[in-house]
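The values are calculated or read from the model by the stated rules, or taken from the named source; none is laboratory data. Since this is a predicted model, take the numbers as computed values, not measurements. With ideal geometry, Cβ positions are generated from the backbone for all residues, glycine too; neighbour counts draw on all protein chains shown. To get the accessible areas, we keep the full protein, side chains included, count just its heavy atoms, and leave off ligands, DNA and RNA. Shrake-Rupley method; radii C 1.70, N 1.55, O 1.52, S 1.80 Å.
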Amino acid sequence: MNRKYFNLALGYAIAAAVAGVFYREFTKYCNFSGMTSLGKVHTHLFILGMFVFLQLALFTRTQVLEKSKTFRLFLYIYNLGLPLLALTMTMRGIIQVAGITVSQRLSAALAGFAGISHVLVGGGIVLLLLTLRKAAAATFPGKQGE
């Protein structure tokens, strides 16, 4: 496995585990039993972080993805967007669970950062898919469209 991607997967797995424990303990401490975005941070980090980079660790063993400009751009954009996504979800969840009243401006700012982070993660996924399509075409020439 490519060590860099395995380390990213491990980092996201640790962050996901911490997010899960924080969600459980914080909601218990606040005696909160409703739905909150805080409960989804754990899953987002496991799937979009750990799982994606574990798969990339395997892909990069057989493919030359790292030489692709779109792949390098994916790494930058995705690893900027996913932590921002987790951070905004965590902040929104803490506000929900603690019952904190926030100003309209703060709420709009959080929504804006959440939107930007989703665009970055989505754009990163598109760049990754384009990179994988190009790598597949180079590996299996003449098989496109079948």
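Here are the numbers:
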quantity: Value of relative contact order over the chain, rounded to a whole percent, pairs C-alpha under 8 Å and six or more apart; calculated: 29 percent
quantity: Where SER117, SER33 fall by accessible area, highest first, once all protein chains stay in place (1.4 Å); calculated: SER33, SER117
quantity: Rg(Cα) / (2.2 N^0.38 Å) computed for region 45-113, rounded to two decimals; calculated: 1.53
quantity: Net lengthening on full extension, TYR29/LEU129 (0.36 nm per residue, minus Cα-Cα); calculated: 31.8 nm
quantity: Descending semi-axes in whole angstrom, ellipsoid equivalent of region 78-145, from the Cα gyration tensor; calculated: 39, 10, 8
quantity: Globularity ratio of the chain, using Cα Rg and 2.2 N^0.38 Å; calculated: 1.24
quantity: Size of electric dipole in the chain: Cβ of Lys, Arg +1 and of Asp, Glu -1, about Cα centre, debye, nearest 20; calculated: 300 debye
quantity: Expected 222 nm ellipticity per residue - DSSP helices of 4 or more, -39500 (n - 2.57), all of the chain, to 500; calculated: -26500 deg cm²/dmol
quantity: Most mobile of LEU120, LEU87, LEU129 in a GNM of the chain (Cα contacts under 10 Å); calculated: LEU129
quantity: Total lysine pairs whose alpha carbons fall under 24 Å of each other in the chain (8 or more apart, or interchain); calculated: 9
